[in-house]
Amino acid sequence: MQLPFDAAAVRRGMIPAHIYNDAEVFALERERLFSRAWVFVGHVSEIPDPGDYVVRQVLADSFIVARGEDGEVRAMFNMCLHRGMQVCRAEMGNASHFRCPYHGWSYRNDGRLAGLPFHRDAYGGEEGFPRQGRTLLPAPALDTYNGLIFISLDEDAPPLRAYLGDFAFYLDYYTRQSPTGIELSGPQRWRIKANWKIGAENFAGDMYHTPHTHTSVVEIGLFREPKAEKRKDGATYWAGNGGGTTYKLPPGSLEERLSHVGYPDPMIETMKKTWSRGQLDVVGRDGFMVSAASLFPNLSLVHNWPRVEESDDVLPFISIRTWQPIGPDETEVLSWFAVDAGAPEDFKALSYKAYLMCFGSTGMFEQDDVENWVSLTHTAGGSMARRLQLNSRMGLRPDDTPLVPALPPEEFAGPGEARVGYGEYNQRHLLNRWLDHLEREVSA
Amino acid sequence: MTRATESRLGGHASTIERTGDSLPYGDERHLTAHRWLVDEAYLLDAQDYDAWLALVTDDVHYLMPVRVTTARAAGYDVSPGMAHFDENRYSLSRRVARFQTEHAWTEDPPSRLRHHITNVRTFATPDPDHLVADSAVLLYRSRGDVREPALISAGREDLLRRQDGRWLLARRRILVDDAVLRTQNLAIFL
Ligand code: FES
Ligand SMILES: [Fe+2]
């Protein structure tokens, strides 16, 4: 099947503008991308106790993500086996059973069918209709990494760890600062009239927008660094199925650099014991600190360190979010605050404050980002956008050779390919993976 | 649900609560609170945030929890440990300062805002210098020429404090009526 856009152009970094608002493209994404990729739905810390559940979506499909009495985390399609009513209509809670509101079939929190009203009269009892072996439809595949729960609608999906590839190295900075790992709060949820790919691309590698889009947060002194231009000293990396951005830290030891971004000593000591040599070297030896990142297709992360009080001190925060596609021109953002579960309580509180000030529904960074993305999406829906190929070639010469070489292992201890300065390498990586999926037909 | 479990950052806030029934509409104190809320709405519509910030106390706590859909029996309907706003004077002042720069793109061109305030009732507190006011707010927010406008409906509980003869906002809790906000951001105040 011919794709409804110029695929060769995408490979060259020239992006047909209408892919950011096109019903036909969106249908293909549903059929060929979200039907196969690993999609983040939550974290085990959101459902710590047996019976705890949250309800999350993969595109239009609703799943109950619950911890059973056996402690196991499962994801069950939220549709009654009988006539299809939504079994659970709350978005979070604790329950031993879910009772369907339509005719009253009930399911244990591990999905097993427990009871049917008038089982004997209506079905001939256990003989006529055995409950044994009947469960809410499980998600075709579920896997976790550092407590992050992912679902794939493809039962033949590769193991999550293989899918992450070397991106796991970087994911650890956000989700494994101690062996205990993170705890999540939230999410804040809101809908934006923007295509889901724009946010994913932005977080993956758009260091170039920071000095301009986010001038105002620098002007009000939210950051210690007086100039947003500092971004160009950072590096972007792509590894496995994800990539991200970093800031260059001032000279110093590992400890000095971690404390520069506001981590207290006990947390630094724990990180030293938790991270690999390579993970420590990216920070301590090479001086790069992770900032925004995206895992294909629609999970993004951010780490930054603003001032949260009238003082020179800064404090780091972590946010995890998904760009959940609603339609070609609409996305639901689910944005969580994440913090190391073992961090001191006062650190957790101030880190939460840092998050609220910077990202999420009220975040001062996020506000200006979304304004851009809404406007872009709106314009991409018109007919002129079908004649325009957007330039996503930053960092490439006309003959496709890179403008700056990849950092050698002596200067960047992390896996994958990293480059200092502005570039759209990661956005191209992301859209190339997107195209890989769209070009692969779903076998009947 | 108690206030302490709704906010992670409100430890500094005044804990004064309402007493008794709502005040009669003719009561001087009710008229004072009502007038204050209406005057404030005009400042917020005009995005006159300097003037607005002058109306909040140094120990202000400005809280907007995240609402969640839960079973009736769950006993809570706000997200544990997560809010949209959980602000003190410093963070409010940064937000205001940002709007005052020339680079707060999300509000340039500005939204057209109308805060509709209704259902106001006022309560006395044990201290004559404090009043509690409940109100409903419906914010109409229109951006650009033909974009769908955004509506935000919320209930608010305010603690007003008389300080040097002026009434100031010491505490606001905004109970928004949506679990999923249908507006691109909260670059506004409620
Ligand atoms: S649809 Fe669920 S019991 Fe009938
Ligand atoms: Fe941004």
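Close amide H partners of A:Ile326, meaning residues 5 or more places away or on another chain with modelled amide H under 5 Å apart, are A:Thr331, A:Glu332.
Let me know the shape class of the stretch B:12-63, please: from the alpha-carbon gyration tensor, a ≥ b ≥ c as square roots of the eigenvalues, rounded when a/c is under 1.5, otherwise prolate if a/b is greater than b/c, or oblate. Judged from the Cα gyration tensor, the stretch B:12-63 comes out oblate (a/c at least 1.5, b/c at or above a/b). Would the stretch A:145-268 count as rounded, prolate or oblate if I go by the C-alpha gyration tensor, calling it rounded below 1.5 in a/c and otherwise prolate when a/b exceeds b/c, oblate otherwise? Verdict is oblate for the stretch A:145-268. Summed over both chains, the contact between B and A buries some 3700 Å² of accessible surface at a probe radius of 1.4 Å. Sites count as exposed loop sites when they are GluC sites (Glu not before Pro), lie in a DSSP loop, and have at most 13 other Cβ atoms within 10 angstrom; the longest stretch of chain B without one is B:103-190. Rolling a 1.4 Å probe across all protein chains gives A:Lys353 an accessible area of roughly 10 Å². Taking all Cα pairs closer than 8 Å and separated by 6 or more residues, the relative contact order of the stretch A:165-438 comes to 29 percent. Between amide H atoms placed 1.01 Å from N, distances below 5 Å from A:Val58 occur with A:Phe63, all of them 5 or more places distant or on a separate chain.
For the stretch A:39-144, what class follows from the C-alpha gyration tensor (a ≥ b ≥ c being the square roots of its eigenvalues): rounded when a/c is under 1.5, otherwise prolate if a/b is larger than b/c, else oblate? Verdict is prolate for the stretch A:39-144. Each of A:Leu137 and A:Glu345 was given a label point 7 Å from its Cα along the Cα-to-Cβ line. The distance between the two points is 4.6 nm. Largest to smallest in accessible area, the residues A:Asp172, A:Asp265 fall in the order A:Asp265, A:Asp172 (1.4 Å probe, all protein chains included). DSSP finds beta bridges in the protein assembly as shown, and of those with both partners inside it, around 95 percent are antiparallel.
For the stretch B:53-93, the residues whose backbone nitrogen is under 14 Å from a point 7 Å from the Cα of A:Gln86, taken along Cα to Cβ, are B:68-72. For the pair A:His209 and A:Lys248 in one chain, pulling the backbone fully straight at 0.36 nm per residue adds 12.4 nm over the alpha carbon distance.
The values are calculated or read from the model by the stated rules, or taken from the named source; none is laboratory data. Being a predicted model, the structure only gives us computed values, none of them experimental. So basically every Cβ, Gly included, is an ideal-geometry build from the backbone, and we count neighbours across all protein chains shown. When the accessible area is computed, the model is the full protein with side chains, heavy atoms only, and any ligands, DNA or RNA have been set aside. Shrake-Rupley method; radii C 1.70, N 1.55, O 1.52, S 1.80 Å.
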